[in-house]
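For reference, the structure discussed in these notes is given below.
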Amino acid sequence: MDTNANATKTAKKKKKTSQKPAKTTLKILRFFLVPVLCIITLYVGVIIGYVILGGESASDVLDVQTWKHLISLIFADR
């Protein structure tokens, strides 16, 4: 009877330890995946807004002068 109880305990321990790597992998994946998806979403949104709605070229999206002009328009003295 004792050996059966010990076997059950070791089986439960194996189940718990086998779940830990999956949880840590999920946490690491969230840590890296969420910021990458946010950056991709931001870039796609900028492309949609600037190219499709604004009618400008896609190469101007990453131009520093474009962003300086945009910031000066937003934060101009009123």
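The values are calculated or read from the model by the stated rules, or taken from the named source; none is laboratory data. A quick note: this is a predicted structure, and the numbers were derived from the prediction, not measured. Neighbour counts run over all protein chains shown; Cβ positions are idealised from the backbone, glycine included.
Annotations
- Cross-chain or 6+ apart pairs with Cβ under 7 Å, the stretch 37-56 first and of a type in the set (D, E, K, R), then surrounded by 11 or more Cβ atoms within 10 Å (Cβ to Cβ): E56/Y50
- Residue, nearest to D60 (Cα to Cα), within the stretch 1-39, restricted to residues that are of a type in the set (S, T, Y) and at pLDDT 80 or above: T25
- Residue selected from the stretch 40-78 under the condition assigned to a helix (DSSP H, G or I) and loosely packed, with under 10 Cβ neighbours inside 10 Å, by the criterion modelled with the lowest pLDDT: S59
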